[in-house]
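As structure tokens, the structure follows; a few thoughts come after it.
The values are calculated or read from the model by the stated rules, or taken from the named source; none is laboratory data. None of the values given here were measured: they were computed from a predicted structure. Every residue, glycine as well, gets a Cβ built from its backbone with ideal geometry; the counts of neighbours run over all protein chains shown.
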Number of protein chains: 2
Amino acid sequence: MAVRMSDVAQRAGVSAKTVSNVLNGYPHIRAETRTRVLEAIDTLGYHVNVSARNLRAGRTGIISLVIPEVTEPYFGELTESVMAAAETRGLTVLIELTRHVMDREIAIVSGNHPQGVDGVIFAPTMCGEQELRSLTFSAPTVVLGERMFSGPVDNVVMPNRAGAADAVRHLVSRGCRRIGAVGVHRHRGAGAVTAGLRLQGFLDAHEALGVPVHDELLLTTHVWRRANGSTAVRQLLDAGTPFDGLFCFNDSLALGALHELVVSGVPVPEQVKVVGFDDTDEAAYSTPALTSVSAGREEIAQQAVALLHRRISGDGDTDGVEVVADHQVIGRRSTEAVDATAAGQDELG
Amino acid sequence: MAVRMSDVAQRAGVSAKTVSNVLNGYPHIRAETRTRVLEAIDTLGYHVNVSARNLRAGRTGIISLVIPEVTEPYFGELTESVMAAAETRGLTVLIELTRHVMDREIAIVSGNHPQGVDGVIFAPTMCGEQELRSLTFSAPTVVLGERMFSGPVDNVVMPNRAGAADAVRHLVSRGCRRIGAVGVHRHRGAGAVTAGLRLQGFLDAHEALGVPVHDELLLTTHVWRRANGSTAVRQLLDAGTPFDGLFCFNDSLALGALHELVVSGVPVPEQVKVVGFDDTDEAAYSTPALTSVSAGREEIAQQAVALLHRRISGDGDTDGVEVVADHQVIGRRSTEAVDATAAGQDELG
DNA sequence: CTGAAAGCGCTAACAC
DNA sequence: GTGTTAGCGCTTTCAG
């Protein structure tokens, strides 16, 4: 730690600036000089002091990824995609967890970072449209979610509403008429966040198809983990509420629901069909495999990093840019009619 | 960004040092002065320049968590535990992903960080004992894993070997005699890493109990995700190799294995019993629920951060400290004999 | 209780 | 091709 650039310079018989030039790939350096410098760096075990470099440069090269948690598979996969995209651009990703606490979301995007950050990718789960509008963003920011505002903030729009509607269409086209929605939020401002948008899509499709919505099938669950999907189904079964399909607002909820159905002896997909959202890795490996709405996570990550990078570099448009990701329902066993394979499975003990 | 501490000072009618004192909680400041300073900070929208502070302080407050991936549930849960522990000590966690590439592991712990870090928590998956011994650690480091060396590096020891042995004892005591090991590595140096240690424990218990080990039941799988557990079982079944128990080297492998067994019509736990490792959240919600070895993840995270913090603060012992975590087999349906609940489940379609 | 000066390590601008 | 100078914004002396 005590070895400075000037130490390297002295040992190599050059000035500090030359060492700096070598480190930063400045082209016009004699090969022999470069070699001597690199040797000196190696023998002394020198590492640049990034704080000094950052101070001088006025940038840190750090972008903050503000997400609620990392154990939720969707956010884990998003994190890895964002990190990969950032790495190719020489950016470092700092994960900041909100743990689904609105005050943390607000504090962080308002500038309360533990380190200096050049930009922020923000996946809100608590802040609604109202809160977002009244926020003061302390750095270039890309918000992930449905469109919320124009202005100096870029937006990568997730097809929450359209995806949810397609999930319902998928279920209805396979005969479902009493479809449960698992993951509804009843928070203030929740209409603006993911849960609200997915519920909207759910209602949209019902309306468009002329299928009635049953209030007792709108299952409130603020946290979207397996346990909550499981509990929701348990409550439906205990109450004796009839249902023949479930649209779960993410895959974790859906897998929890699937588990509870199987344990309770409800055949899936024969009696109840289940669709999730996000198309995470685990959807393909559940039993039965889970039909899920793919919302273009990889594309979202790349677009978000690209937009942020552009804005950090000063090339961003003055007004916010809006990018919309594709979506698609990936059909699997949890919604497919029984066939030969299914029959085989039914014979299990 | 253009607003500096001196701007705040000017507006508040004090010197920069006083502003600094207010920000750093220096106690002897007149209340009225503090208020004026805080007001000025607020109206100007001032944020400290962390690069400058870090440069001056000679520390960054960043600790690096070096892990292979974050989507693997064990590492996701570890990440959240480490972040929580770091936050209480005012440390920022920088996640650095190795993606299971040895060169990346080596480069990172040798000092190739994108930002200055005060210390490193390193969970190796590729580096064996040999590589670790020959590494030059560029910062205070805590290695997570079985004991590997003494010296200026602290060690949080995971009960890999003992935990694996207990898993096998659990299976044998329930009647298993042909137990498969899923997740074996055949890498150079692999004997020193997690896979090798869990295999050792597997062999230990067989030897201690006088149960023969069958080579064809040692299933090589370098990546420990569901798909690989699934594939391993598929291969066993296709080859017609008889087996009545599986010890999977982590929960993801076990859940993949479970999936493949169920899909293939092999009753669990009646015909084959399955044990995983790590006791992640998802183990409790699989169908059937998964028996797993709990290796004290939360405790490991807290100890690792505490050790690192102590060493960063200069209070560390000269020699490496070694902490051993507890372990325990958490019994669930995947290894329990059929009872009323199980019978009910068997009646499913 | 507050202020003045010096310097952390690096690099942009310019001189040679 | 390489060296000199100056300053990024903060905080640690040490006065006052």
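Quick notes on this one:
- Annotation: of all residues in segment B:34-50 being of a type in the set (Val, Ile, Thr) and buried (at least 18 other Cβ atoms within 10 Å of the Cβ), the one that is modelled with the highest pLDDT is B:Val50.
- So A:Val275, is it away from chain B (no Cβ under 13 Å) and either part of a helix (DSSP H, G or I) or not small (Gly, Ala, Ser) (or both): yes
- For segment A:218-255, filtering for residues that are among the charged types (D, E, K, R) and away from chain B (no Cβ under 13 Å) leaves 2.
- Checking A:Leu258 against (1) among the aliphatic types (A, V, I, L, M); (2) at the interface with chain B (Cβ under 9 Å from one of its Cβ atoms); (3) touching a Cys at 6+ places or on another chain (Cβ under 8 Å), the condition it does not meet: (3)
- Single unsatisfied condition, B:His47 versus (1) more than 8 Å from chain A (Cβ to nearest Cβ); (2) within 16 Å of DNA strand D (Cβ to nearest atom): (1)
- Residue in segment A:63-70 that is at pLDDT below 95 and either of a type in the set (Ser, Thr, Tyr) or at negative phi (or both) present: yes
- Segment A:245-273, residues that are under 30 Å from the mean Cα position of the chain (by Cα) and charged (D, E, K, R): A:Asp251, A:Glu260, A:Lys273
- Count of residues meeting criterion [buried (at least 21 other Cβ atoms within 10 Å of the Cβ) and at the interface with another protein chain (Cβ under 9 Å from one of its Cβ atoms)] in segment B:81-95: 6
- Qualifying residue in segment B:54-61 (condition: more than 13 Å from DNA strand C (Cβ to nearest atom) and modelled with pLDDT of 90 or more): yes
- Scanning segment A:289-311 for residues that are surrounded by fewer than 24 Cβ atoms within 10 Å (Cβ to Cβ) and either of a type in the set (Ser, Thr, Tyr) or part of a loop (DSSP other than H, G, I, E, B) (or both) yields A:Ala289, A:Ser294, A:Ala295, A:Gly296.
- Residue check for B:Asp315: acidic (Asp, Glu) and away from chain A (no Cβ under 11 Å): yes
- Any hit, segment A:58-76, residues being without any contact (Cβ under 8 Å) to a residue 40 or more places away in the chain, more than 14 Å from B:Ile95 (Cα to Cα) and within 16 Å of DNA strand D (Cβ to nearest atom): yes
- Positions within segment B:20-44 being near DNA strand D (Cβ under 7 Å from one of its atoms) and away from chain A (no Cβ under 14 Å), in sequence order: B:Ser20, B:Asn24
- Number of the exception - A:Gly58 against (1) crowded, with 18+ Cβ neighbours inside 10 Å; (2) within 29 Å of A:Arg104 (Cβ to Cβ): (1)
So that you can scan it fast, the table gives a plain yes or no per residue for (1) touching a residue at least 12 places away in the same chain (Cβ under 8 Å); (2) in contact with a Gly (Cβ under 8 Å, 6 or more places away or on another chain):
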{"position": "A:Leu203", "(1), (2)": "no, no"}
{"position": "A:Leu219", "(1), (2)": "yes, yes"}
{"position": "A:Trp224", "(1), (2)": "yes, yes"}
{"position": "A:Ser230", "(1), (2)": "yes, yes"}
{"position": "A:Gln235", "(1), (2)": "yes, no"}
{"position": "A:Asn250", "(1), (2)": "yes, yes"}
{"position": "A:Ser292", "(1), (2)": "yes, yes"}
{"position": "A:Gln303", "(1), (2)": "yes, no"}
